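Step one of this worksheet: look at the structure below.
The values are calculated or read from the model by the stated rules, or taken from the named source; none is laboratory data. The shown structure was predicted, so the numbers you read here are calculated from the model rather than taken from an experiment. No Cβ is skipped: glycine too gets one built from the backbone with ideal geometry, and neighbour counts run over all protein chains shown. For the accessible areas, the whole protein counts, side chains as well, though only heavy atoms, and no ligand, DNA or RNA atoms are used. Shrake-Rupley method; radii C 1.70, N 1.55, O 1.52, S 1.80 Å.
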Amino acid sequence: MNGVPLGTRDTLFNRDISFYLFRLPLISGVLDTLITLTLLSFVATGAMYWLRNDITLPPRRASAKPRAARHLGALLALLFVLLAIRLWIVDTSNLLFSTTGPLLGASYTDVHIALPGLYISAIAALIAAVWVVLGIARDKLVWSAVSGTVFYVAVSVLARGIVPAAFQKLVVSANELTRETPYIRLHIDATRNAWGLNKVEGRDLSGEVQLTNANIKANAATVDNVRLWERDLLMQTFKQLQEIRTYYDFVSSDDDRYMIDGKYRQVHIAARELNSESLPTRTFINSRLTFTHGMGVTMAPVNQVTSEGLPVLFIKDVPPVSTVSIKLTRPQVYYGELTNEYVFVGTGQPEFDYPAGDKNIYTKYTGRGGVPIGSFLRRVLYAFQFGSLKILLSDDIKGSARVLYRRNVMDRATTAMPFLDFDNDPYIMITDGGQLKWILDAYTTSDAYPYSQRTADGTSYMRNSVKVVIDAYDGTVDAYIADPNDPVVQTYAKIFGGIFKPISAMPADIRKHVRYPGDLFRIQTALHATYHMTEPDAFYHREDQWQFPSGLNKATNENPFMRHIIMRLPGEKNPEFIFMTPFTPRGKDNLAAWMVARMDGENYGKLSVYRFPKQSLIYGPKQIANRINQDTDISRQLTLWDQKGSEVIRGELLVIPIEESLIYVQPIYLRAEGGSIPELKRVVVAHENRVVMRETLEEGLDALFGSGAAAETTTNAQDSLSTLGVEPSVVGGGAVPSTGAAPSGAVSALLREAQTHYDRAISAQRAGNWTEYGREIEQLGVTIRALRAAKN
């Protein structure tokens, strides 16, 4: 009754897609219910008449008394009529979800053979119904019922089973691409429309840009926000350094962006919640009346490290202390991800707020959350609901006392709006006024979008149409329509008037922190890896199919290279917060493209893909990882650390787009044997075939793109040459002694020989020929010793 048209029609029946989203499920459900009830009634009534001897069945002569014949005949005729209606409306419509062909949707066989077969079966059902009615009139119910049923079943098996299957195997399969091309195009277009891929903006990159120090400086916002701290490792550090007390806990760390002291910064932020399971004593007073809430957040920039290798903390401790321009004025967390139990506030017991040395600080709840429970009747009702007699017997619960329950933000949102699906990652943010808010991404979904590819759970349509904001202090739930063009959320808004607010009504300080939802982006990128091919021929052959790069570590994330980052996109002037993932060609390791979801300002929700030229080799993560592993200096250092009672943890390899090229960054952590606090010790930076490892990202970038960048891929032989008074650039050719004097003929010859051995060693290293590499390095050492002797 409230369905909103999509404005798109299917090509087979010329119906608006809203018919399949909103009306067809209802029609199908009603018809299935009527068919089931009619069939059950026919069976039950037939059994009753048989028990009363009103009908007789074989081996005796089959017959039926007039009243029984009329009753049973009417039920059977009604059953055939209902089957005919279902075949004509529902089953024909379900062809748009068929899997007969190579892809989901009506195929050549469905349109040309199965559809006429369904119409023929529907007509056969109507003929059977008429035949049964005639049998009643002629007092031959049993014969007409049996013959009518046999006729219907025979026609259905032939028209809907044997003929379509034979046609598909004998006619279509041998010429599948030719026959199915129009339907493949329908499937591609429907999938792209249903999943929002039709709005992806594409851009081709040259892929041949040689990055310079000027490029790095021009993209300072990107470099300054490279995420060196991984969430899992950062959470380990937070838990050890910032939980403060055993009853505090961090559930997750979220990426977000803030203007901090005038700079656009990417940060990790985690809520410090109360874990009632970890209270020293879990009495009714402790767990329900005294310890009621968590305290504040911990915030750390993604790329800053202390001299001890630990994360710099912008907001820390209890009560929260901020060293930056972001301040917390209401740090209490009554509603969160770990708040699964009910508590009472405003009672006779003081509420614990936070520890302060040897004493505790207490507070009194002043929010609007919860339900007043001061009256005796309400205490009786809630004692029954929660199964606790102590609620009724407690002298502390009276007067202005309130009960706070459904405090888990996910449970709270799904209870309020059960018709929406929610993203698995709620995230917390700090308003300009210093209050804590939770933001949840809500989806409208359907499994009934014709021709569209489905996920494992059957979903074929999804939109992030609603943003839900929940106050961490009083639990207020506000739902904002983020996609007003989505017909599903428009339909819900018509049904549930007043629940949803327009996105323009969202406070500006909250809107600055909305993110593109991760669950949707993962599905969209996985689909786009195939559905960027819009031509049926290329799609059918999978000529240009992409995939996510294969993971290098055992990461819990399905795609370890998908991450949030602040960067300046190619062709844009300002840095922005994005969600990004790279692609490689299927079965290959080089990069093919990278895709982003934009999140800031007017660009929110825009999807863009940047494609590298197919004829160019752009190193992918696995290839860069192999180059890092083959670097002798890096391997030697990591092996040395591993042998000293420390555990070396190689962080995820970060793919960082710069201009129209890429750099790779991999943080290296050390953790003491048996310890639980990882320390960031080194950063590996790679660009094309050059790899360096330094103590900081800045040093690594300087090594690659600074004044001495060309000499950074050399081996230890350069250091030996430097001791001879020769500049390191000797390995690049054209070196002269550092004293400025012209070399003698013997020294010149030795320098040329050293150059030759070095060049051969580098070529062998790049080819992976370590035997040849070792031989040339050994010869280079001999030449260096000869140079030293010649100099002396």
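Some points to look at:
- Region 1-11, residues that are open to solvent by 50 Å² or more (accessible area, probe 1.4 Å) and either in contact with a strand residue (DSSP E or B) (Cβ under 9 Å, 6 or more places away or on another chain) or within 13 Å of S93 (Cβ to Cβ) (or both): P5, G7, T8, R9
- Considering region 751-776, the residues that are modelled with pLDDT of 65 or more and open to solvent by 80 Å² or more (accessible area, probe 1.4 Å) include one that is farthest from R690 (Cα to Cα), namely R752.
- Residue in region 548-563 that is under 21 Å from V514 (Cα atoms), surrounded by 14 or more Cβ atoms within 10 Å (Cβ to Cβ) and not polar (S, T, N, Q) present: yes
- Test: residue in region 702-714 that is aliphatic (A, V, I, L, M), touching a Leu at 6+ places or on another chain (Cβ under 9 Å), at pLDDT 50 or above and buried (at least 17 other Cβ atoms within 10 Å of the Cβ): yes
- Within region 248-289, the only residue that satisfies the criterion of being under 30 Å from D423 (Cα atoms), free of Cβ contacts under 8 Å to residues at least 24 places away in the same chain and in contact with a Leu (Cβ under 6 Å, 6 or more places away or on another chain) is S253.
- Some residue of region 596-616 being touching a helix residue (DSSP H, G or I) at 6+ places or on another chain (Cβ under 6 Å), in contact (Cβ under 8 Å) with a residue 12 or more places away in the chain and either open to solvent by 10 Å² or more (accessible area, probe 1.4 Å) or outside any loop (DSSP other than H, G, I, E, B) (or both): yes
- S608 fulfils the conditions (1) hydroxyl-bearing (S, T, Y); (2) under 28 Å from the mean Cα position of the chain (by Cα); (3) at pLDDT below 90 except for a single criterion, (3).
- Of the helices (runs of 4 or more DSSP H) lying entirely inside region 157-254, the ones with 3 or more residues being among the β-branched types (V, I, T) and more than 30 Å from V302 (Cβ to Cβ) are found at 176-194.
- Residues of region 159-180 that are surrounded by fewer than 15 Cβ atoms within 10 Å (Cβ to Cβ) and under 24 Å from I123 (Cα atoms): G161, I162, A165, A166.
- Residue list for region 377-405, restricted to those being open to solvent by 30 Å² or more (accessible area, probe 1.4 Å) and either in contact (Cβ under 8 Å) with a residue 12 or more places away in the chain or β-branched (V, I, T) (or both): R379, V380, F386, K390, L392, D395, D396, K398, G399, S400, R402, Y405
- Looking only at residues of region 351-368 that are of a type outside the set (S, T, Y) and within 30 Å of I439 (Cα to Cα), we find that the one that is most open to solvent (accessible area, probe 1.4 Å) is R368.
- Matching entry among P575, P570 (being within 27 Å of E698 (Cα to Cα) and in contact with a strand residue (DSSP E or B) (Cβ under 6 Å, 6 or more places away or on another chain)): P575
- Strands (runs of 3 or more DSSP E) lying entirely in region 301-380 (those with 3 or more residues that are polar (S, T, N, Q) and more than 33 Å from the chain's Cα centre (by Cα)): none
- Scanning region 99-141 for residues that are under 22 Å from T11 (Cβ atoms), at pLDDT below 95 and touching a Gly at 6+ places or on another chain (Cβ under 8 Å) yields no hits at all.
- Only listed residue being closer than 16 Å to G3 by Cα, open to solvent by less than 50 Å² (accessible area, probe 1.4 Å) and either at pLDDT 95 or above or of a type outside the set (G, A, S) (or both), chosen from D478, D486, D509, D519: D486
- Listed by first and then second residue, the pairs with beta-carbon distance under 7 Å, at least 6 apart or on different chains, first residue in region 679-703 and on the phi > 0 side of the Ramachandran plot, second not basic (K, R), are E688/Y619.
- Count - residues of region 152-200 that are β-branched (V, I, T) and closer than 30 Å to W131 by Cβ: 5
- Qualifying residue in region 564-571 (condition: open to solvent by 40 Å² or more (accessible area, probe 1.4 Å), within 16 Å of S661 (Cβ to Cβ) and assigned to a loop (DSSP other than H, G, I, E, B)): yes
- Of all the numbered requirements in (1) of a type in the set (D, E); (2) under 22 Å from F500 (Cβ atoms); (3) in contact with a Ser or Thr (Cβ under 8 Å, 6 or more places away or on another chain), D447 misses one, and that requirement is (2).
- Considering residues of region 34-85 that are among the aliphatic types (A, V, I, L, M) and over 60 Å from the mean Cα position of the chain (by Cα) only, the residue most open to solvent (accessible area, probe 1.4 Å): L51
- Scope region 617-642; condition touching a residue at least 60 places away in the same chain (Cβ under 8 Å) and open to solvent by 60 Å² or more (accessible area, probe 1.4 Å); matching residues: K622, Q630
- Just one of the numbered conditions (1) surrounded by 16 or more Cβ atoms within 10 Å (Cβ to Cβ); (2) touching a residue at least 24 places away in the same chain (Cβ under 8 Å) is not true of P319: (1).
- Counted residues, region 138-156 - those being part of a helix (DSSP H, G or I), in contact (Cβ under 8 Å) with a residue 12 or more places away in the chain and open to solvent by 80 Å² or more (accessible area, probe 1.4 Å): 2
- Of all residues making up region 663-677, the number that are of a type in the set (A, V, I, L, M) and either within 23 Å of the chain's Cα centre (by Cα) or open to solvent by 40 Å² or more (accessible area, probe 1.4 Å) (or both): 3
- Output for region 489-505, where each listed residue is under 29 Å from T366 (Cβ atoms) and either of a type in the set (F, W, Y) or open to solvent by less than 10 Å² (accessible area, probe 1.4 Å) (or both): F500
- Unique match (being under 29 Å from the mean Cα position of the chain (by Cα), open to solvent by less than 10 Å² (accessible area, probe 1.4 Å), hydroxyl-bearing (S, T, Y) and closer than 30 Å to T281 by Cα) among T222, T237: T237
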